[in-house]
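As structure tokens, the structure follows; a few thoughts come after it.
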Amino acid sequence: MVRKLLKEKKREEIVKVASRLFSERGFYNTTIPDIAEAVGMSVGNFYNYFESKEDLAKYIMQYSSSILGEEIRKISQMDVSTKEKVFLIVRRFIEIAQERPELIDYFLRIFLSNREVFSEGCEGFLCVGEVVTELMLFLEEGARKGDFRQQDFFPAFVTIMGPLGGLVFLKGEGILPKNPIEYANEIGENIWRALKSDEKV
Amino acid sequence: MESLKVRRKSLIWISGLTCNGNSHSFLSSSSLSFDAFLNSVNILFHPALTYDREFKDIYKDILEGKLKLDFLIVEGAVSKKKTKVYFQGFDIYEILENLKNIAEYIIAVGNCASFGNFPALYSEDVVGLNFRFNQRNGFFEGDFTTKSGMPIINISGCPAHPEWIIKTVLSLSYGYDLKLGSLQRPKDFYMYLTHDGCTRNQYFEWKVEAEEFGTKEGCLFYYLGCRGPLTHSSCNKILWNDKSSKTRAGMPCIGCTEFDFPLRGKYFETKLNIGIPEEVPLGVSKRAYIMLSGVAKTFTNHRLKGKLEEAD
Amino acid sequence: MKKQISNLSLNRVEGEVELKLQKDKNGVIEDAFITAYNFRGFEDILKGKDLLDTLVITPRICGICGHSHLTANVNAIENLYRENGFNIEVTQKAKIIRQLTQCSEIIQNHIKWFYLFVMPDFLKLDPSEKFVEYRPFTGKHWKNALKISSDIIKIVAIFGGQWPHTSYSLPGGITSDPLKTDLVEAMSIVDSTLKFVESNIIGIDAESYLSMADYQEFMNKTSGGSLKDFIELSFKNGMEKIGKSYGHFITVSNVYPCIQEAVIKKKRCKFNIKKVKEVKESSGYSIVQPVRYDGLPMETGPLARRLTSNTDLFVNLNSVFSDSYLVRVWARVDEIVRILVNMKDWISKIKLSEKSYIKPKDYKLLSGVALGLTEAARGSLIHRIEVSKGKIVDYNIITPTVWNLGPRCKNYRGVAEKAIVGIDNDLKAQMVLRSFDVCSVCLVH
């Protein structure tokens, strides 16, 4: 049991270091020896945790997706209005981006830009299933209650993810004048207004 | 099995508020089943079949104990009030009250007798035998049981499949005790879902949807309103008229074996919220279902891409 | 002896019907009142429903002619598209398959009705052993009839999934996309049904039967069968003399090539839907409103269809025995043959390469009033829909049984009521009523 927990902890450490290295140097310019060195482990030992660099790359994506998915799920299940949930999701996303910038950077700079790495076993929604699923459930419930306007899933999905991704990108480029969290309410309001049904205020 | 040698079980079939669809479904059974039925069951009265005796005489003989009554089959919804529904000149209210402690088994055939169905939409007093929709406030309330100790047995469906009717009666005649589900339907028929055995199952598995009617290809669940994965019935196991089923013929399952059949509506389109189905197959959480669909949709089953005739 | 009143509750009819007979001192029926019970309120239930949902609801008005209700319903909606200026395209393939399945329903009805409802009456009039095979439950003919009616209805299952109560036909076409082997199977069923009809009912090949214009010729040429048994029993019991009504007939739609729409009052004339009126007055004993054509009561159904279609055999039969029990029942049996011989031809004309369904515009755009007409087993069926933005405002249904069994108006008795007056025997009065193929579930939907 203890051994298993320790192994999990080590995997997390590798993910944290590797995602930062990948984001800084790019996927192809980062080698397994680089990662092993940065974590402080032998290359041989690294292979006890991941079969390959590609394997690690996919795992990082699934790992981030499950963290974010879990957060959306918690908010979804709270006993507050749909509108408040939109604000909470936006806020939480920005907080995570600040707490774990390497994960969001990784998504933007590696996952979206090196699709060939993810072409097998990570295509479509396979590695981001949890985020997508939780957003589907959230949107479905909101529409069922009459809070959201009926529409196709994808326009609604990008209406939420687009602004958040954009904000993180601007922050990463260093051109955002204020702390991202200070924009949370306005972005939340924008997303809510875009999605809400006509009767809602 | 011994009882078989002693005597054929007796049955009367009465009708309330009905379209007679269950009678005609029953009469459309395969001749093999129907012969077996006639060999084992003595139909004392059926309104479309009996010619040599009047209902009033048979009814009198039963009330006076001259005739034993094993099965009372009821087709159609009934009323909780007197002088609303008649059968052969008698108030069906009175017939049910008089026979409730005499019949060994009372069987509700079809959705009207089981749950009230469409006629129950018209009036609050119109009910099924034990249920009004899913509430146990039908003609007989609560945990009512007949002489045999069994509750009202519901053979739901609009109409009920002839084999479900025939085999329920025969099973009881042969001395088998039938396990019933929460809505008092025999598990043998209603533990399956309409989806089980549908020829479009692969399309469901790989999330290939039919967007329009009139094709052999595609699953009807995603856009066209099919209730197959949400409906208890063996329509795709025990085929209709020995030939087919609605879903095999491209018609969405409308969930006509369920209590809420008349309450639903929008039978030809799937209720979606922001593109996500409001209801998902029975037994899985929406989260699990969406997760799984996402995975299935990511891959392509090449057999299911085009016309089935062209696939290898 | 004072006047007598008999109240008869009928079995071997569809649904709950009471026949009240008022007799003179000699026991001759002076007046007859038909009352049907068990109102379900379908027209009310339909109010406010989504237009497409009616396709699921209206077949459930009647368990034996549900397909006809579906067809009338679909016709009404397709007409509403046209009324709204939208083009609605239905392929020949879909049209033929709809007609094929609906006619299968008509045939199963006629076979069941003849053997289960009509022939057993004669066993009561003539209890000799000669007709023992017509006995319900045990007789060979009775059992065969159930088998054959269960067979022909398989055609509905092949194309529509199940019978009773499919809604596989919908505005724009049908839901199924049959295989060649489905067509082959349907043909085999038609073949075997036709063989049964030739050997067991008419006792002669269908082609010869249909070429006859004279009933004597039929009696001479047939090798025997249920139709001959029926005709002989009818003559023996004077059934060619009773059951006559007004001699007015109506058929509101066509089934090519065997049924032609027309109206017969004194003469044959064109059918005009505008002359169909429900009489808004209470008869005092029936919850059904009478329907009249140009103010007159009309008989609808197979006999009407034979006369409006100018079928020689029936024009002749009608001139000799008018609209008596004998002729009315014969016309129903005759229709089995007349439709069945066309079915193989219909099947052979189905082009599987055509589309089954062409999606029409969104039904939520539709508003206004439209009619859907069709021929059901018992006669002409009319659905009238009033719609606002895809929702039902009003749904009105005139079933064949309303024409035939509906109550009297100020001027005229109902058609079946009139046919019963003058009979001096309760059983024969019931038989005449059954000759209209009673369906009280349609009468008081």
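Selection of the stretch A:99-155 for residues being more than 11 Å from the chain's Cα centre (by Cα), closer than 26 Å to A:Ser197 by Cα and at the interface with chain B (Cβ under 7 Å from one of its Cβ atoms) yields A:Thr133, A:Met136, A:Leu137, A:Leu139, A:Glu140, A:Ala143, A:Arg144, A:Phe148, A:Gln150, A:Gln151, A:Asp152, A:Phe153.
Of all residues in the stretch A:148-176, those satisfying the criterion of being exposed (fewer than 15 other Cβ atoms within 10 Å of the Cβ) and either farther than 21 Å from A:Glu102 by Cα or of a type in the set (Val, Ile, Thr) (or both) are A:Gln150, A:Asp152, A:Phe154, A:Pro155, A:Val158, A:Ile175.
A residue that is free of Cβ contacts under 8 Å to residues at least 12 places away in the same chain and either within 13 Å of chain C (Cβ to nearest Cβ) or over 15 Å from C:Tyr168 (Cβ atoms) (or both) occurs somewhere in the stretch B:255-264.
Considering the stretch A:59-82, the residues that are more than 15 Å from A:Met136 (Cα to Cα) and among the hydrophobic types (A, V, I, L, M, F, W, C) include one that is surrounded by the most Cβ atoms within 10 Å (Cβ to Cβ), namely A:Ile60.
Any residue that is part of a loop (DSSP other than H, G, I, E, B), crowded, with 17+ Cβ neighbours inside 10 Å and within 9 Å of another protein chain (Cβ to nearest Cβ) - is there at least one of those in the stretch B:272-292? Yes.
Yes or no, residue by residue, for (1) surrounded by fewer than 13 Cβ atoms within 10 Å (Cβ to Cβ); (2) in a helix (DSSP H, G or I):
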| site | (1), (2) |
| --- | --- |
| C:Val263 | no, no |
| C:Phe271 | no, no |
| C:Lys280 | yes, no |
| C:Gly284 | yes, no |
| C:Ile287 | no, no |
| C:Arg292 | no, no |
| C:Leu303 | no, yes |
| C:Arg306 | no, yes |
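The set of residues in the stretch C:93-135 being assigned to a helix (DSSP H, G or I), in contact (Cβ under 8 Å) with a residue 24 or more places away in the chain and more than 22 Å from C:Ile152 (Cα to Cα) consists of C:Pro120, C:Asp121, C:Phe122, C:Lys124, C:Leu125, C:Phe131.
Between B:Thr199, B:Thr194, the distinction of being surrounded by fewer than 22 Cβ atoms within 10 Å (Cβ to Cβ), of a type in the set (Val, Ile, Thr), at negative phi and under 22 Å from the mean Cα position of the chain (by Cα) belongs to B:Thr199 only. When the residues of the stretch B:205-254 are filtered to those that are more than 10 Å from every other protein chain (Cβ to nearest Cβ), among the charged types (D, E, K, R) and assigned to a loop (DSSP other than H, G, I, E, B), the one that is farthest from B:Gly110 (Cα to Cα) is B:Lys207. You will find that of A:Ile94, A:Ile110, A:Ile72, the residue that is more than 30 Å from A:Ile35 (Cα to Cα), touching a residue at least 60 places away in the same chain (Cβ under 8 Å) and in contact with a helix residue (DSSP H, G or I) (Cβ under 8 Å, 6 or more places away or on another chain) is A:Ile72 and no other.
This table checks each residue for (1) closer than 18 Å to C:Ile358 by Cβ; (2) of a type in the set (A, V, I, L, M).
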site	(1), (2)
C:Ser68	no, no
C:Ile77	yes, yes
C:Lys95	yes, no
C:Ile106	no, yes
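Screening C:Lys20, C:Lys3 for residues that are of a type in the set (Lys, Arg), touching a residue at least 60 places away in the same chain (Cβ under 8 Å) and touching a strand residue (DSSP E or B) at 6+ places or on another chain (Cβ under 9 Å) leaves exactly one candidate, C:Lys20.
Against the definition (in contact with a helix residue (DSSP H, G or I) (Cβ under 8 Å, 6 or more places away or on another chain), farther than 19 Å from A:Lys145 by Cβ and aliphatic (A, V, I, L, M)), how does B:Ala288 come out, yes or no? When the stated conditions are applied, B:Ala288 does not pass them.
Meeting the requirement of 2 or more residues that are out of contact with any Gly (no Cβ under 9 Å at 6 or more places or on another chain), the strands (runs of 3 or more DSSP E) wholly within the stretch B:64-159 are B:71-75, B:105-109. Hey, does the stretch C:12-20 have a residue that's farther than 30 Å from C:Val387 by Cβ and surrounded by fewer than 20 Cβ atoms within 10 Å (Cβ to Cβ)? Yes: one or more hits. Residue pairs whose Cβ atoms lie under 9 Å apart, sitting 6 or more positions apart in sequence or on different chains, and linking a residue in the stretch C:157-169 that is at the interface with chain B (Cβ under 7 Å from one of its Cβ atoms) to a partner that is of a type in the set (Phe, Trp, Tyr) and assigned to a loop (DSSP other than H, G, I, E, B), are C:Ala157/C:Trp163; C:Phe159/C:Tyr168; C:Gly160/C:Tyr168; C:Gly161/C:Tyr168; C:Gln162/C:Tyr168; C:Ser167/B:Tyr267; C:Ser167/B:Phe268; C:Tyr168/B:Phe213. Note on the stretch C:142-200: residues that are part of a helix (DSSP H, G or I), over 22 Å from B:Phe26 (Cβ atoms) and under 21 Å from the mean Cα position of the chain (by Cα) total 3. Restricting attention to the stretch B:38-60, the residues being part of a helix (DSSP H, G or I), facing chain C (nearest Cβ under 9 Å) and surrounded by 19 or more Cβ atoms within 10 Å (Cβ to Cβ) number 1. Please tell me if B:Glu269 is outside any helix (DSSP H, G or I), in contact (Cβ under 8 Å) with a residue 12 or more places away in the chain and surrounded by fewer than 18 Cβ atoms within 10 Å (Cβ to Cβ). Judged against the criteria, B:Glu269 is a match.
Every number in this text was worked out from the coordinates using simple rules, so none of it is lab data. Remember, it's a predicted structure, so these values are computed and weren't measured experimentally. Note: ideal-geometry Cβ built from the backbone for every residue, glycine included; neighbour counts use all protein chains shown.
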